[in-house]
Amino acid sequence: MSESDCATLGSLELQSCREESAPGQKWYKPIICINTKTNGEKRLFKTYRYRQGPLGQYFRLLASHEYRMLTRVSGLAFTPQGVERDATCSSTISYRYVDGAPIKEQFRKGDIPDRFFFRLYQAVSELHEKGIAHLDVGNSGNIVVSPEGNPVLIDFGSSMLLKRLPVITRAWARKRDLLGVLKLWRRYDDETMPDILRQYYERYYRKNIYTPKRFFKACKRYWLSDGEEMSELGAVAGIFFMLWFLITIV
Ligand SMILES: Nc1ncnc2c1ncn2[C@@H]1O[C@H](COP(=O)(O)OP(=O)(O)O)[C@@H](O)[C@H]1O
Ligand SMILES: [Mg+2]
């Protein structure tokens, strides 16, 4: 089978997949689908829509990066297991489905497992000890609550090997992950958050405004507020326009 067969979901397993992606999803988001094998094993497939041309090449690189990171972490208790990638469908990765609910749903039901965020904090620290930064922990879609009430980290698409990062950014990457945990902790289970961690969060957490949408939202907030965000805006404005220039002109 060739990559173009994958484009028509030619793979048997993908054909019989139950698609989970929300309707109207953005073009660059992967399709998530779940398939139950004849032996009863439930697997999750994550596949990108574009497989041809430069975009196809880009998404293949994304998938292969996530696959490599997942294979590195798959021995840990809080990560997806049984990671696979078919060489002929390189923009598709699959792993064993993690039973449970995404953190948002679980907490909407008011069903907060005991010490959940302590365990999530420990899990992220363990990940760092293994030399990996997740870099998207603060996104509540990336944390699944297992039926036993344990956290499972998914979506290693943005994760990085700490040793590959420039030395000065390693501490920043670890801090970003831990602030991600604290952001969710504060949002979903504020009462159990130790004061020292709350103070740390309040001191260091900054909303990410390095994407165009968020940047313009921050501008709007600034114009409508008393100017508190000016220093933050001033600092990122230069970086934003430089990145924008690099992406669009160069
Ligand atoms: N192994 C898994 N078990 C259960 N649900 C999952 C699993 N992997 C992904 N999901 C669900 O699919 C959604 C998107 O997956 P994710 O890998 O985060 O993709 P994206 O790159 O689009 O953020 C998650 O928010 C989660 O609800
Ligand atoms: Mg995600």
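The values are calculated or read from the model by the stated rules, or taken from the named source; none is laboratory data. Since the model is a prediction, treat every value here as computed from it, not as a measurement. Note that we place each Cβ from the backbone using ideal geometry, even for glycine, and neighbour counts take in every protein chain shown.
Tabulated values for the structure
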{"quantity": "Subset of segment 87-124 (residues that are polar (S, T, N, Q) and touching a residue at least 40 places away in the same chain (Cβ under 8 Å))", "calculated": "T88, S90, S91, T92, S94"}
{"quantity": "Residue identified as among the small types (G, A, S), more than 16 Å from ligand 2 (Cβ to nearest atom) and crowded, with 20+ Cβ neighbours inside 10 Å among A87, A77, A123", "calculated": "A123"}
{"quantity": "Selection from segment 84-98 of residues that are in contact with a Ser or Thr (Cβ under 9 Å, 6 or more places away or on another chain) and either more than 10 Å from ligand 1 (Cβ to nearest atom) or among the acidic types (D, E) (or both)", "calculated": "E84, R85, D86, T88, C89, S90, S91, T92"}
{"quantity": "Residue pairs meeting the criteria (Cβ under 9 Å; at least 6 apart or on separate chains; first under 14 Å from G110 (Cα atoms), in segment 186-201; second of a type in the set (K, R) and at pLDDT 95 or above)", "calculated": "D190/R198"}
{"quantity": "Positions within segment 59-80 being in a loop (DSSP other than H, G, I, E, B) and within 15 Å of the chain's Cα centre (by Cα), in sequence order", "calculated": "F78, T79, P80"}
{"quantity": "R43 being among the charged types (D, E, K, R), outside any loop (DSSP other than H, G, I, E, B) and either at pLDDT below 85 or in the same structural domain as Q81 (by TED's automatic domain parsing) (or both)", "calculated": "yes"}
{"quantity": "Segment 174-201, residues that are of a type in the set (F, W, Y) and surrounded by fewer than 16 Cβ atoms within 10 Å (Cβ to Cβ)", "calculated": "Y200"}
{"quantity": "Residue within segment 144-165 that is away from ligand 2 (no atom under 16 Å from the Cβ), over 19 Å from the mean Cα position of the chain (by Cα) and of a type in the set (A, V, I, L, M) present", "calculated": "no"}
{"quantity": "Pairs, first in a strand (DSSP E or B) in segment 22-37, second of a type in the set (S, T, Y), C-beta under 7 Å, six or more apart", "calculated": "I31/S21; I31/T47; I32/S21; I34/Y97; N35/S16"}
{"quantity": "Residue within segment 100-122 that is under 27 Å from F45 (Cβ atoms), within 16 Å of ligand 1 (Cβ to nearest atom), at pLDDT 95 or above and out of contact with any strand residue (DSSP E or B) (no Cβ under 7 Å at 6 or more places or on another chain) present", "calculated": "no"}
{"quantity": "Residues located in segment 52-75, provided they are over 26 Å from V124 (Cα atoms) and among the aliphatic types (A, V, I, L, M)", "calculated": "L55"}
{"quantity": "Residue match in segment 14-34 (condition: modelled with pLDDT of 90 or more and closer than 10 Å to S91 by Cβ)", "calculated": "yes"}
{"quantity": "Considering residues of segment 137-170 that are of a type in the set (A, V, I, L, M) and assigned to a strand (DSSP E or B) only, the residue surrounded by the most Cβ atoms within 10 Å (Cβ to Cβ)", "calculated": "I143"}
